[in-house]
Amino acid sequence: MSRIIIFTGKGGVGKTSTAAAHAVKAAEKGMKTLIVSTDMAHNLSDIFMKDIKEEPVEVIDNLDALEIDSNYEMNRYYGSISKAIKSMMPIKNEQDQETMEDIVVFPGVEELFSLLKIQELYDKSIYDLIIVDCAPTGETLSLLKFPELFSWYMEKLFPIGKVAMKVLRPVSKAAFKIELPDAEAMNDIEKLYVKLEQLQKLLKDRRVCSIRLVAIPEKMVVEESKRSYMYLNLYNFNVDGVYINRIISDDVDNNFFDHWKEIQKKYIEELTSAFTQLPIYKIKWYETDINGIDGLERIIKDSLSNEKIFNVLKNTNSEVFEKTEKGYKLEVHVPFTNRKDFDLYETGTDIVIKLGNFKRNIPIPNVMRKYLVTSAKLNDGILNIYFE
Ligand SMILES: Nc1ncnc2c1ncn2[C@@H]1O[C@H](COP(=O)(O)OP(=O)(O)O)[C@@H](O)[C@H]1O
Ligand SMILES: [Mg+2]
């Protein structure tokens, strides 16, 4: 089964360099590899010193590269759809205001098409490994949670497929205050909906997709890495590796760096203790920036010697339903959180967990619908929700 590994982290921490080093290593091992950048600030072209565009080009033996242009993707596939989605989004109504808000805060529907492109390439089964150099963390998270929000929203609005949509059209306009798209766009929306569902499955399939966090030993980055880890767990994605980049090596012998070494040491320790359950890779701060295959080879040699690096390195589900004596228990992994951060409620069909700006709807399996949530407890980063 081929794999997808997504690298994410704050801007400038070394995502592209780390992702590219993995890609080169995989290609050298003989894996047919693709590196994809979804970051609008593309720089694969710089690092591989080759003109890279919106369709894959070969950069070395076994390695193709691609810089996704989400607008290009959107136009290529779904002519009328972006207009339709946008016309559906910004309208609020009383009952479902919160749902709408969630969708409206999404920064740009366009980004979603980057992920769909990756899915399309995955489905073609050309590559053993697809490495994704993703946009900075905040955007990545919106990107990852969007398919879920969108599917959920579509289900509520168009519960029974196309026939119902047609019947619904005159009604929903009044009931939901939403401009329904014309028939052609509707067809596209349906196709998109199906694809989004598959995309969700693919990105959450722990045998296929891993997410790796790239960080540097610095206060703000450490904080953000912990936050992303928490949210990615909340949405049940598999994070299975952390990279600490730009570490000043011990042999740097210059007083100016003494204090910086101390600071780095502190944050390396903090990252190490925060992510004890994950493999951690350390990358040193080189004296020049990382350019060309030579630069990447240094990272490979110094930090990525582990031959299992492309495997799934951690595989615990962050969302588990369990039978208990009186009913059921739902366990959701939400590391680094406090009890007061949460808001938790039931909608009849879903459990809703609100955490900061994020809202996760976990559908309740049919067998559990007759039970009620009686209590919830947070223990060591695991939220236990009891149904009795
Ligand atoms: N370990 C390192 N040593 C030296 N320069 C680095 C290192 N990691 C990254 N760089 C340089 O820092 C800049 C940002 O790295 P990049 O991989 O593009 O980060 P991101 O993709 O997260 O924005 C680039 O110029 C890169 O060459
Ligand atoms: Mg980059």
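The values are calculated or read from the model by the stated rules, or taken from the named source; none is laboratory data. What you see is a predicted model, and the numbers here were worked out from it, not measured in a lab. Note that each Cβ is placed from the backbone with ideal geometry, even for glycine, and that neighbours are counted across all protein chains shown.
Things to note:
- For the range 297-335, a residue qualifies if it is aliphatic (A, V, I, L, M) and outside any loop (DSSP other than H, G, I, E, B), and the qualifying residues are ILE299, ILE300, VAL320, LEU330, VAL332.
- Scanning the range 355-379 for residues that are surrounded by fewer than 15 Cβ atoms within 10 Å (Cβ to Cβ) and farther than 18 Å from PHE321 by Cα gives GLY356, ASN357.
- Within the range 122-134, considering residues that are aliphatic (A, V, I, L, M), away from ligand 2 (no atom under 16 Å from the Cβ) and buried (at least 21 other Cβ atoms within 10 Å of the Cβ), the one farthest from GLN200 (Cα to Cα): LEU129
- Residue selected from the range 196-225 under the condition buried (at least 19 other Cβ atoms within 10 Å of the Cβ) and of a type in the set (Lys, Arg), by the criterion nearest to THR16 (Cα to Cα): ARG212
- Residue check for ASP61: farther than 20 Å from ASP123 by Cβ, modelled with pLDDT under 85 and away from ligand 2 (no atom under 15 Å from the Cβ): no
- When the range 229-257 is limited to residues that are surrounded by 21 or more Cβ atoms within 10 Å (Cβ to Cβ) and within 16 Å of ligand 2 (Cβ to nearest atom), the one that is nearest to VAL332 (Cα to Cα) turns out to be TYR243.
- Residue within the range 69-76 that is in contact with a Ser or Thr (Cβ under 9 Å, 6 or more places away or on another chain), among the polar types (S, T, N, Q), within 16 Å of ligand 2 (Cβ to nearest atom) and assigned by TED's automatic domain parsing to the domain that holds ILE126 present: yes
- When HIS42, HIS22 are screened for being farther than 21 Å from LEU199 by Cβ, within 16 Å of ligand 1 (Cβ to nearest atom) and at pLDDT 90 or above, only HIS22 passes.
- Residue tally, condition free of Cβ contacts under 8 Å to residues at least 40 places away in the same chain and at positive phi, over the range 246-275: 0
- Among residues of the range 276-288 that are among the polar types (S, T, N, Q), those with a beta-carbon under 8 Å from a residue that is within 15 Å of ligand 1 (Cβ to nearest atom) at least six positions away or on a different chain give the pairs THR288/GLY295.
- Of all residues in the range 25-39, those satisfying the criterion of being away from ligand 1 (no atom under 16 Å from the Cβ), in a loop (DSSP other than H, G, I, E, B) and in contact with a strand residue (DSSP E or B) (Cβ under 8 Å, 6 or more places away or on another chain) are MET31, LYS32.
Residue-wise test of (1) of a type in the set (Phe, Trp, Tyr); (2) over 20 Å from ASN43 (Cβ atoms).
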| residue | (1), (2) |
| --- | --- |
| LEU271 | no, yes |
| ILE280 | no, yes |
| ILE283 | no, no |
| THR288 | no, no |
| GLY295 | no, no |
| ARG298 | no, no |
| PHE310 | yes, yes |
| LYS314 | no, yes |
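- Any pair with Cβ under 7 angstrom, 6 or more apart, that starts in the range 289-318 at a residue that is farther than 26 Å from LEU232 by Cα and ends at one that is assigned to a loop (DSSP other than H, G, I, E, B) and modelled with pLDDT under 95: GLY292/MET49; LEU296/ILE290; ILE299/ILE290
- Hits in the range 275-289 (condition: surrounded by fewer than 17 Cβ atoms within 10 Å (Cβ to Cβ) and either among the acidic types (Asp, Glu) or within 7 Å of ligand 1 (Cβ to nearest atom) (or both)): TRP285, TYR286, GLU287, THR288, ASP289
- Residues in the range 49-58 that are closer than 22 Å to LYS124 by Cβ and either free of Cβ contacts under 8 Å to residues at least 24 places away in the same chain or within 14 Å of ligand 1 (Cβ to nearest atom) (or both): ILE52, LYS53, GLU54, GLU55, VAL57, GLU58.
- Of the numbered criteria (1) of a type in the set (Lys, Arg); (2) touching a Leu at 6+ places or on another chain (Cβ under 6 Å); (3) free of Cβ contacts under 8 Å to residues at least 24 places away in the same chain, the one ARG339 fails is (3).
- Checking each residue in the range 22-48 for being within 21 Å of the chain's Cα centre (by Cα) and either free of Cβ contacts under 8 Å to residues at least 60 places away in the same chain or over 12 Å from ILE5 (Cβ atoms) (or both) picks out SER37, THR38, ASP39, MET40, ALA41, HIS42, ASN43, LEU44.
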